[in-house]
Amino acid sequence: MIIEFVKMEGLGNDYVYVDTDSFPVSNPSELSCWVSDRHFGIGSDGLVLISRSQDADFSMRIFNADGSEAQMCGNASRCIGKYVYERGLTDKTVITLDTLSGVKTLLIHPDASGLVRSVTVSMGNFGGGDSLAVRLPDGRVIEGTVIDMGNPHFVILADDYPGISPEKEGPMLEKHPIFPEGTNVEFVRLISPSKVRMRVWERGSGVTMACGTGACATAAALCLKGLTGSECEVVMDGGALTVRCDPSSREISMEGPANFVFEGRMEI
């Protein structure tokens, strides 16, 4: 069976996208493992399936590089906004997207030529905010903030732990018994009250260039602590997102770019 796909990226967080209304996928977990392989597959952080939805304009299912299904991905959501608008699947600049973490609203920003340069995602309300101390197998104790963005996050102020990194501590924290469903882990350095530097270990994918829900979790954690204001620039390996957070209502949104990389056909 031949399937057409598009590879897209948001700040280097790259996925393979398939319109399942045109090309049904019966084995998404298995297919995600193959397409994600950067040596024997297409190369990506995972697989995203797009379709029409009864509960929203469109729906998204996202599978990590290890085949596990994720609840939500902010970078993929922005890419879907660009995809459906530029492919003529909608002419609306405000659309709803059904995800496993609820329906999200996308505000699409096309230029005069119809190209989408950026997309704002209303992420809804975040949960959590409590501090948690985690003891690693080597005896070290690392404290962070637990944030629920529809998927789990553990936000660490890396300045408090010299030498800490996603590559070393990320795998241990993701699968720590204190997180029975695993967790995404953000390693954050405060630059100013309006700008932070963040690196991420994504659950099921490892170190990635960027993570939209991770950027939102980072802004939420720091805003609750009073370390940043209501608007924050979160700089990641692949670039920056602007995150707006209301600590009283706990509503949060993010804005950033989305880009096509290439399109092709694959046989499954």
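List of remarks:
- Unmet requirement for Val103, which otherwise passes all of (1) within 18 Å of the chain's Cα centre (by Cα); (2) assigned to a strand (DSSP E or B); (3) not assigned by TED's automatic domain parsing to the domain that holds Ala70: (3)
- Number of residues in segment 6-45 that are crowded, with 20+ Cβ neighbours inside 10 Å and among the aromatic types (Phe, Trp, Tyr) equals 2.
- Scanning segment 133-189 for residues that are under 23 Å from Ser68 (Cα atoms) and exposed (fewer than 15 other Cβ atoms within 10 Å of the Cβ) returns Glu167, Lys168, Pro171, Lys175, Pro177, Ile178, Pro180, Glu181.
- Exactly one residue out of Pro193, Pro166 is over 19 Å from Met123 (Cα atoms), touching a Lys or Arg at 6+ places or on another chain (Cβ under 8 Å) and in contact (Cβ under 8 Å) with a residue 12 or more places away in the chain: that is Pro166.
- For segment 147-165, filtering for residues that are modelled with pLDDT of 95 or more, over 18 Å from Ala221 (Cα atoms) and not hydroxyl-bearing (Ser, Thr, Tyr) leaves 1.
- Hey, Ser194 at pLDDT below 95, polar (S, T, N, Q) and either farther than 30 Å from Arg38 by Cα or not assigned by TED's automatic domain parsing to the domain that holds Gly12 (or both) or not: no
- Those strands (runs of 3 or more DSSP E) of segment 172-268 in which 2 or more residues are among the acidic types (Asp, Glu) occupy 231-236, 251-256, 259-267.
- Filter result for the condition that a residue is in the same structural domain as Gly10 (by TED's automatic domain parsing) and at pLDDT 95 or above, over Cys33, Cys73: Cys33
- Residue within segment 57-75 that is part of a helix (DSSP H, G or I), within 17 Å of Val6 (Cβ to Cβ) and in contact with a helix residue (DSSP H, G or I) (Cβ under 7 Å, 6 or more places away or on another chain) present: yes
- Residue list for segment 167-199, filter: within 16 Å of the chain's Cα centre (by Cα) and acidic (Asp, Glu): Glu174, Glu186
The values are calculated or read from the model by the stated rules, or taken from the named source; none is laboratory data. Owing to the predicted nature of the structure, the values given are computational and were not obtained by experimental measurement. FYI the Cβ positions are ideal-geometry reconstructions off the backbone, even for glycines, and counts take in every protein chain you see.
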